[in-house]
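The values are calculated or read from the model by the stated rules, or taken from the named source; none is laboratory data. What you see is a predicted model; the values in this text were computed from it and never measured. Counting neighbours? That spans all protein chains shown, and the Cβs are built from the backbone with ideal geometry, glycine included. Side chains included, ligands, DNA and RNA excluded: accessible areas come from the protein's heavy atoms. Shrake-Rupley method; radii C 1.70, N 1.55, O 1.52, S 1.80 Å.
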Amino acid sequence: MKNIVLLGYMGSGKTSVAQRLSAVLDRKFIDLDDVIEREENLNINEIFERKGALYFRKIEHQLLKEIISKSENTILSLGGGTPVYFNNMDVLLQNDRLVTVYLNASIQQLSDHLFEQRLSRPLISHVNTKEELTEFIAKHLFERRSDYLKAQYKINTEGKNIDQISREIIARLF
Ligand code: S3P
């Protein structure tokens, strides 16, 4: 069976859905951010602060290639920016041992979900109000969406819980 790779904006539920799919389908679960944190022995915020965004993107690119070349029977959740940097999206699309799934969440849904967690996320930790966050996400998602939309499967997550999203992915893929 092919590996399943989940992508989408921060807060779109990639990690939770990947964990659920891994349990339901009895497959291994890998979260790219977790692998980066373990490799660097620092959390994502610390990597951005101490080593910079470019360093993070290079490590992310390298580890993505390693993981997908080795993985079998795996559900992999990416970071929100992974599809956007280097040729990561091409690397994914050219690998016929995996399928890519975009979790398409609305700006409002993302903003509601991310506001409380913003301090643990380097790209939005500077934001002070919900309105500012909504505006930031709207612009940022506009820049990123064309990459996300290259995914082979697109799932709208609006109004759906983790269980419903996971079931829909299974129904579409199998
Ligand atoms: C990022 C998303 C984060 C993490 C890093 C950068 C992004 O992952 O990789 O903070 O550029 O959108 P999640 O989408 O898992 O939060």
| Of all residues making up the stretch 158-167, the number that are open to solvent by less than 80 Å² (accessible area, probe 1.4 Å) and assigned to a helix (DSSP H, G or I) | 4
| said: Taking the condition of being hydroxyl-bearing (Ser, Thr, Tyr) and in contact with a Leu (Cβ under 9 Å, 6 or more places away or on another chain), how many residues in the stretch 1-32 meet it? | reply: 3
| For the stretch 80-117, how many residues meet the condition of being more than 30 Å from Ser69 (Cβ to Cβ), more than 11 Å from the ligand (Cβ to nearest atom) and crowded, with 21+ Cβ neighbours inside 10 Å? | 1
| said: When you scan the stretch 119-136, do you find a residue that is open to solvent by 80 Å² or more (accessible area, probe 1.4 Å) and within 11 Å of the ligand (Cβ to nearest atom), even just one? | reply: no
| task | State which residue is nearest to Val17 (Cα to Cα) when the search covers only the stretch 49-83 and only residues that are of a type in the set (S, T, N, Q) and touching a residue at least 60 places away in the same chain (Cβ under 8 Å). | result | Ser77
